[in-house]
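*Asks:* This is the structure I want to talk about, given as structure tokens.
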Amino acid sequence: MTREVVATPLFARRLKEFLDEYAELGAVRFVERLQQSYRSMVENISAFDEIAPARRRSIQGKKITVREYVLDASARNFLVLYWVPPDPAEPILLLNIRIGGKNRFCWKEEPY
């Protein structure tokens, strides 16, 4: 059974920032590989809900177990944080994305 996958506004904004940044640099093949890896993740993410690395997070006072998925874009990896609700009728939520080498996820808008 395949579950619906929904991205949070934070995830969508961060992914768009990465894609725009690399598109401006002219890294067309890199952007294509990242998009291909993203599509593959969305198709297969429900199969990884039990084997993906897990972290405990507190969101608005509620403790949940979030999972990690690595998007491989050849030259660089991206780490996706997602949540699989216990109810199979609910969609999988893509919470955040970061470049693989960075130490932390960005949870707020950063002023430039």
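*Asks:* Among the residues of region 87-108 satisfying the criterion of being in contact with a helix residue (DSSP H, G or I) (Cβ under 8 Å, 6 or more places away or on another chain) and modelled with pLDDT under 80, which is least open to solvent (accessible area, probe 1.4 Å)? I'd like the intermediate steps shown before the answer.
*Replies:* Start the filter on region 87-108 by keeping residues that are in contact with a helix residue (DSSP H, G or I) (Cβ under 8 Å, 6 or more places away or on another chain), which leaves 92, 94-99, 106-107.
Among the residues that remain, those that are also modelled with pLDDT under 80 are: 106-107.
Values: 106: 16, 107: 122 Å².
If we take residues in region 87-108 being in contact with a helix residue (DSSP H, G or I) (Cβ under 8 Å, 6 or more places away or on another chain) and modelled with pLDDT under 80, then 106 is least open to solvent (accessible area, probe 1.4 Å).
*Asks:* Now, a different point. Mind listing whichever residues of region 29-54 are modelled with pLDDT of 75 or more and more than 18 Å from residue 8 (Cα to Cα)? Write out each step before concluding.
*Replies:* Taking region 29-54 first, the residues modelled with pLDDT of 75 or more are 29-45.
The answer is 29, 30, 31, 32, 33, 34, 36, 37, 40, 44.
*Asks:* Can I ask one more? Looking at region 6-30 only, could you name the residues that are in a helix (DSSP H, G or I), β-branched (Val, Ile, Thr) and closer than 30 Å to residue 85 by Cα? Lay out the reasoning, then the answer.
*Replies:* Looking only at region 6-30, we keep the residues that are in a helix (DSSP H, G or I), and these are 9-24, 28-30.
Okay, now just the ones that are also β-branched (Val, Ile, Thr), so 28.
Across region 6-30, there are no qualifying residues.
*Asks:* Restricting attention to region 53-86, report how many residues are without any contact (Cβ under 8 Å) to a residue 24 or more places away in the chain, open to solvent by less than 30 Å² (accessible area, probe 1.4 Å) and assigned to a loop (DSSP other than H, G, I, E, B).
*Replies:* Summing the residues that are without any contact (Cβ under 8 Å) to a residue 24 or more places away in the chain, open to solvent by less than 30 Å² (accessible area, probe 1.4 Å) and assigned to a loop (DSSP other than H, G, I, E, B) in region 53-86 gives 1.
The values are calculated or read from the model by the stated rules, or taken from the named source; none is laboratory data. If you're wondering where the values come from, they're calculated on a predicted model, not measured in any experiment. Ideal geometry is used to build each Cβ from the backbone, glycine not excepted, and the neighbour counts take in all protein chains shown. Keep in mind that these areas ignore ligands, DNA and RNA; they rest on the heavy atoms of the full protein, side chains included. Shrake-Rupley method; radii C 1.70, N 1.55, O 1.52, S 1.80 Å.
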